[in-house]
Every structure is written in C-alpha cells, then in structure tokens.
Amino acid sequence: MDKHAKIYVAGHRGMVGSAIVRNLQAKGYTGIVTRTRQELDLLDQAAVNAFMLQQKPDYIFLAAAKVGGIYANNLYRADFIYQNLMIEANLIHAAHQAGVNRLLFLGSSCIYPRECPQPIKEEFLLTGPLEPTNEPYAIAKIAGIKLCESYNRQYGRQYVSAMPTNLYGPNDNYDPNNSHVLPALLRKIHEAKQRGEAKLQVWGSGKPMREFLYVDDMADACVFLMENEDITEGLYNVGTGTDVTIRELAEAIMHVVGFDGEIVFDLSMPDGTPRKLLDVSRMSALGWRAQTSLRDGIRLTYDSFQRQFGRESM
C-alpha cells in the first residue's frame, strides 16, 4: 500500500478498527478515512453508496460489526444476523460499485462447525453444524466471506477475509452480560477484588479451551495481508496457535489483577463450543506470527481497563 493511499477503516471506534488505525498510523499511512455511526449509518444502503462513490477509497478494512459474547449472541439473535448481514452487504457491494479493488473483511472463528477437528483449518468451513448459541452471527459472517469470494470470482476483485480467534485488548466491551469471555472475566475479577470477595463465580464448567489473540497483533495481521499485493483472495485464520482452558484463563487474569479468591463454576450456564484452536499455518507460511503472550496481553488490557474506568476505587 502506498503511504498516501486513501484507506477507509469501517468500525474505527471498535476494538479491532481502532487497533487497525493505530497500526496504520504507526507505519506512516496518512490517508486514513473514518466515519462515526452518527456520520454514516452502515445499515443505510443509500448512505453507504453515496459515501463510497464520493470517497472512492483505495483500500477498505471492514471491521464494523455487531459483536458480543454467548449471552448476547443467544438472546439478540435477530439483531446479530440482520445488522451484520446489512453492514457487510452494503459495504462490500458499494465498494465494488465504486471500483474499490482491495478490501479486507473481518470474520470470526465461530464460522467453523461446533464439532470441528482441532486445530481448525480454513477448509473446514461449511463441513458441519454450527454452535447453536451464536449460529445467527456465524451465518452472517459466513455470508460476508462468500460475498468477498463471489465478487472476486465474478468481477475480479481482490477481497480477502481474515478469521481471528478470540480477540481482546484496548477499547473492548466490558459489559458483564454482553461481552466476550476475557473482558467479562477481567471486569468480574477486578470488581471482586475491589469488594474484597473470597469467591469468584465463573459461567460454565471451566473446561472449554479457547485461543486468545491480542488485538494489536490482529491489526498487524490485517495490515500485513493488505500490504502483500500477492494476496488477492482467500480465507486466512489469524491466531496464536495455542489455547488454554477457561479455568486457566481465569487464573491468569486473577494473577494480573492480584485477586487470590476461589473460583466457583456455575454449571447452569452454557459452555459453548468445547474447543476452538485455529490452524494458523497459512499465515505462518507467509511470514506472520503473533508477538504478544497471553500474560503480557492481559496486563496491557488491564492497564487500558483501569484508564477507561478510572482508578477511584483502587
């Protein structure tokens, strides 16, 4: 990418989008274009078409999405499938109409079957039933991948899809009901420490295994894919290649936060997919690897959390 190219980052206020902006700025890119939700409603097809034709960016990072954890995905099923389908369909089609040749679509590892062989290879897509709790969101993300693939095949576009594992980091959502597991646990553990509690209740059995990627590493992978002009299509898993149990995750966060209470698992709550470990050999073969360890990433995230919510109670 030329350092002065016009680069539109959709969803720049979110965790992934803001990390992509940070990465681009650090690498000297000067033509970054952003719009807030108030300035551009991505659910409004006419508004998206007008914006794209007026701006005509050289590159697009499609990081805008409605996201949430197991609870939110399972409760707001219609919102998750409708909003994500509309956002990606509006942006990808408008990009094509405006002549944008390079676009990167951000997916999710939940696109893969629930009972998937481990580690999960890109070719396992659509080989089995999805995890029921987040099926609407997953179907929307699969549709985004297929949109990119279809515009490439029919019109010769160069739209690439990146599938991150579980992400965490600055600008995450820490809502105890609507967030993903790591930020939800981080907030819960922080508050348990502040209240001086002796026990920590964690949803599920603690046995499911998950892989976690620091969001700045994800952003670096996205920019890496777009900078490589030889990568013109395809699906790429982005992760660390290692996973931990939810119990081990909770213990790691407790260590960083400084909470030494007892973990109590709530077996009435769902576990979700038993294991999700991505095969990252395609990215490794291209020369990209994650740089941030889980412990270091949690520490950086906790620092960001404290800045975001203040240190008054500490």
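Of all residues in the stretch 95-113, those satisfying the criterion of being assigned to a helix (DSSP H, G or I), of a type in the set (A, V, I, L, M, F, W, C) and either under 19 Å from the mean Cα position of the chain (by Cα) or surrounded by fewer than 17 Cβ atoms within 10 Å (Cβ to Cβ) (or both) are 110, 111.
Suppose the filter is part of a loop (DSSP other than H, G, I, E, B) and of a type outside the set (Lys, Arg); does residue 116 pass it?
Answer is yes for this residue.
Scanning the stretch 123-134 for residues that are part of a helix (DSSP H, G or I) and surrounded by 19 or more Cβ atoms within 10 Å (Cβ to Cβ) yields a total of 2. Scoring residue 37 on the criteria (1) in a helix (DSSP H, G or I); (2) over 20 Å from residue 221 (Cα atoms) leaves a single failure, condition (1). Residues in the stretch 26-54 that are free of Cβ contacts under 8 Å to residues at least 24 places away in the same chain, surrounded by 12 or more Cβ atoms within 10 Å (Cβ to Cβ) and small (Gly, Ala, Ser): 26, 47, 50.
Being closer than 17 Å to residue 108 by Cβ and in a helix (DSSP H, G or I) is the filter here, so list the residues in the stretch 213-245 that pass it. Scanning the stretch 213-245 gives 215, 217, 218, 219, 221, 222, 225. When each of 24, 85 is tested for being outside any loop (DSSP other than H, G, I, E, B) and over 22 Å from residue 140 (Cα atoms), the lone residue that passes is 24. If I ask for residues that are of a type in the set (D, E, K, R) and either in a strand (DSSP E or B) or within 18 Å of the chain's Cα centre (by Cα) (or both), which ones from the stretch 246-264 would you list? Across the stretch 246-264, the qualifying residue is only 262.
Taking the listed residues 272, 297, the one that is buried (at least 18 other Cβ atoms within 10 Å of the Cβ) and either part of a strand (DSSP E or B) or touching a Ser or Thr at 6+ places or on another chain (Cβ under 9 Å) (or both) is 272, with no other qualifying.
Please state which one of 78, 72, 89 is touching a residue at least 40 places away in the same chain (Cβ under 8 Å) and buried (at least 19 other Cβ atoms within 10 Å of the Cβ). Steps first, answer last, please.
Details: 78 fails: buried (at least 19 other Cβ atoms within 10 Å of the Cβ); 89 fails: buried (at least 19 other Cβ atoms within 10 Å of the Cβ).
None of the others qualify; the one that does is 72.
Bear in mind these aren't lab numbers, they're just calculated from the coordinates by the rules spelled out. Note that the coordinates shown come from a computational prediction; the quantities given were computed from them, not determined experimentally. Using ideal geometry, Cβ is built from the backbone for each residue, glycine included, and neighbour counts are taken over all protein chains shown.
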